[in-house]
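The structure appears below as structure tokens.
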There are 2 protein chains.
Amino acid sequence: MNCFVMRPVERAQLAMMLEVTAYPKPGNVDRCHDYPETRLEHFLASTIFARAAFEEAESGKGRIGEIIGHAVRDTSCHAGGNTHFGAFILLVPLLYGKDIPGAIAAVSKTDTSDAVAFYKAFALTSVKMNETDELDVNDPGAIAAIRDRDMTLLDIMQHSAANDMVAREWVTGFRLVRRGADLLKELGPGRQSVVDAFLTLLATEPDTFIIKKHGIDIARETMLRARDVLDGKLSIKQLDEDCIQRDINPGSTADIIIAAIYIALGEGWSWDS
Amino acid sequence: MNCFVMRPVERAQLAMMLEVTAYPKPGNVDRCHDYPETRLEHFLASTIFARAAFEEAESGKGRIGEIIGHAVRDTSCHAGGNTHFGAFILLVPLLYGKDIPGAIAAVSKTDTSDAVAFYKAFALTSVKMNETDELDVNDPGAIAAIRDRDMTLLDIMQHSAANDMVAREWVTGFRLVRRGADLLKELGPGRQSVVDAFLTLLATEPDTFIIKKHGIDIARETMLRARDVLDGKLSIKQLDEDCIQRDINPGSTADIIIAAIYIALGEGWSWDS
């Protein structure tokens with residue numbers, strides 16, 4: 001029988017599925033852990049509902065800011081709220097451009113209309129900007145400011161890069177996505193590699209979602225504890241339980257891992273061992 | 001914001017996802033239990049990979065036997081093997097006909113070409129026919145016999161109905177699917193209802209997948225034990241553990257529940273409470 005060959009859209013959906021089911025994943029929703037309001041099923045429903053926007057991105061037509069908006073719109077209607085905003089910021093240009101060089105080219109072509117569409121999508125989510133941020137999404141003046149300054153979506157990401165590791169990917173050429181994909185390929189096939197790649201990134205990069213919620217000290221402590229797990233000094237289940245209890249969830253690292261799985265799958269890494 | 005309205009294909013995919021993640025589900029793969037060879041991720045990957053065949057079915061064009069074949073082909077390429085053959089036998093006509101009356105009309109229009117295509121799909125799976133079955137899928141003569149007798153796919157299902165509760169749905173007007181959908185609506189919104197509807201069907205209908213594997217006595221015993229759980233005399237976790245240990249998996253009941261979720265979602269039942 002001829003084997004099923006995944007389209008890029010299916011690689012993106014599979015990446016979302018494999019990330020959320022990987023277990024145990026310290027602090028995040030995983031196979032055996034829900035948040036009170038956002039459950040495994042919400043993440044998996046988003047995986048299904050993102051299809052149309054992913055097809056739009058895969059076609060390489062249309063505007064990236066608008067397509068991110070469509071993905072957020074189509075996946076925010078369940079009671080779980082926003083599940084994958086950060087992942088879409090990465091997956092949409094990667095689908096649009098086919099691979100990392102293509103995504104770098106695609107983000108460089110964004111304009112003010114992308115920035116405005118992105119801000120409108122942002123307003124649909126409950127993601128918080130930094131309090132000091134002058135381009136506050138809750139401020140109707142922000143869109144006017146973007147237009148006045150003629151900012152592109154890449155400019156917005158540049159503006160956010162210091163405080164947001166997902167935005168930073170746009171301006172560093174998807175550096176951590178590349179590293180995550182390389183890690184997966186080094187670690188070998190199968191789901192344990194997703195957990196191990198996640199832990200390795202967590203041990204080496206402060207998660208900006210944790211920083212926004214709890215500050216840099218807690219983010220650094222989480223890095224050190226992830227390192228302890230890698231060094232065999234702490235069990236991953238213990239770290240998971242501690243993170244859950246203290247509401248520490250490395251959500252941005254999860255977004256990077258999703259995009260890394262997407263890239264690795266396209267380069268022959270096998271999820272299915 | 002305008003809320004995302006699911007297409008029938010997305011209802012079918014969501015139904016597959018909600019069934020496999022429902023927990024605990026005695027004996028079957030669920031959120032916290034894999035089979036050694038077939039894991040949660042295989043079932044969820046099939047949910048993603050079935051999309052193209054579901055779109056074909058949703059279009060209401062083409063031949064049902066062939067579309068079931070496409071669904072089986074596209075979801076059998078992972079190491080988990082066949083995950084949803086029975087579910088596709090139900091979902092494809094339901095998508096094709098939009099609802100149960102439409103599906104009844106659709107299956108009545110199948111012909112010998114559907115039967116042949118179905119047998120070819122069947123050969124891709126590891127599903128066992130009854131040993132006494134003269135239309136053995138491993139027998140190359142079977143397809144010739146189907147052509148000689150001018151059997152339609154509905155005839156094949158009629159032929160299999162006594163021993164297979166999924167095939168029986170085609171000839172009884174999707175009676176258990178209807179009952180399962182009604183149960184879900186009575187039980188109310190949310191994932192616990194999937195578990196409860198599953199248990200209720202298991203307590204009232206002998207699962208033919210269990211019969212094929214272990215015989216009617218074990219299937220009847222499983223029904224009584226499911227009844228004990230409903231009556232509060234046995235914990236569902238205990239039943240789950242016993243079934244897993246004895247390799248008793250009510251796979252046909254799971255297929256019926258998937259189709260029931262698909263119908264219930266289309267009639268306003270909410271998965272997301």
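Each reported figure results from applying straightforward, stated rules to the coordinates on display, with no laboratory input. In this text, all values refer to a predicted model and were calculated from it rather than measured experimentally. Cβ placement follows ideal geometry from the backbone for every residue including glycine, while neighbour counts extend to all protein chains displayed.
In angstrom, the C-alpha Rg and Dmax of the range A:1-135 are 15.5, 58. Rg over Rh for the protein assembly as shown works out to 1.00, using Cα positions for both radii and the Kirkwood form for Rh.
Quick one: what do you get for the range B:1-74 if you divide its Cα Rg by 2.2 N^0.38 Å?
So the Cα radius of gyration is 1.27 times the expected 2.2 N^0.38 Å.
Among the GluC sites (Glu not before Pro) in the range A:1-86, those located in a DSSP loop and surrounded by at most 12 other Cβ atoms within 10 Å of their own Cβ are A:GLU37.
Here's the list of lysines a cross-link from A:LYS25 could span, going by alpha-carbon distance under 18 Å and ignoring same-chain residues fewer than 8 apart: A:LYS233, A:LYS237. Divide the volume of the convex hull around the Cα atoms of chain B by the residue count and you get 121 Å³ per residue. Modelled label positions at B:LYS237 and A:LYS213, each set 7 Å beyond Cα in the direction of Cβ, lie 2.6 nm from each other. Within the range A:37-85, the trypsin sites (Lys or Arg not before Pro) that combine a DSSP coil assignment with at most 10 other C-beta atoms in a 10 angstrom radius are A:LYS61.
Inter-chain neighbour count for A:5-18: the average number of beta-carbon atoms from partner chains within 10 Å of each residue's beta-carbon is 3.
Taking label positions 7 Å along the Cα-Cβ direction at both B:ALA145 and B:ARG220, the computed distance is 2.9 nm, reported to one decimal.
Straight-line cross-link partners of A:LYS61 among the aspartates and glutamates, defined as a Cα under 17 Å from its Cα and at least 8 positions apart when in the same chain: A:ASP99, A:ASP111, A:ASP114. Note that the range A:107-113 has calculated 3J(HN,Hα) couplings of 5, 5, 9, 5, 10, 5, 5 Hz, one per residue in order, obtained from phi through the Karplus relation 6.51 cos²θ - 1.76 cosθ + 1.60 (θ = phi - 60°); glycine and proline are x.
Taking 0.692 mPa s as the viscosity and 37 °C as the temperature, the Stokes-Einstein diffusion coefficient of the range A:134-234 based on its alpha-carbon Kirkwood radius rounds to 211 µm²/s.
Taking amide H as placed 1.01 Å from N in the peptide plane, A:ASN82 has its amide H under 5 Å from the amide H of A:SER126, each at least 5 places away in sequence or on another chain. Amide H contacts of B:CYS77 (H built 1.01 Å from N, in plane; Pro and chain starts excluded): A:PHE4 sit under 5 Å, all sequence-distant by 5 or more or on other chains.
Distances between equivalent label points of A:GLY268 across the copies, with each point positioned 7 Å along Cα→Cβ, amount to 5.5 nm, shortest listed first. Looking at the range B:189-273, none of the chymotrypsin sites (Phe, Trp or Tyr not before Pro) sits in a DSSP loop with at most 12 other Cβ atoms within 10 Å of its own Cβ.
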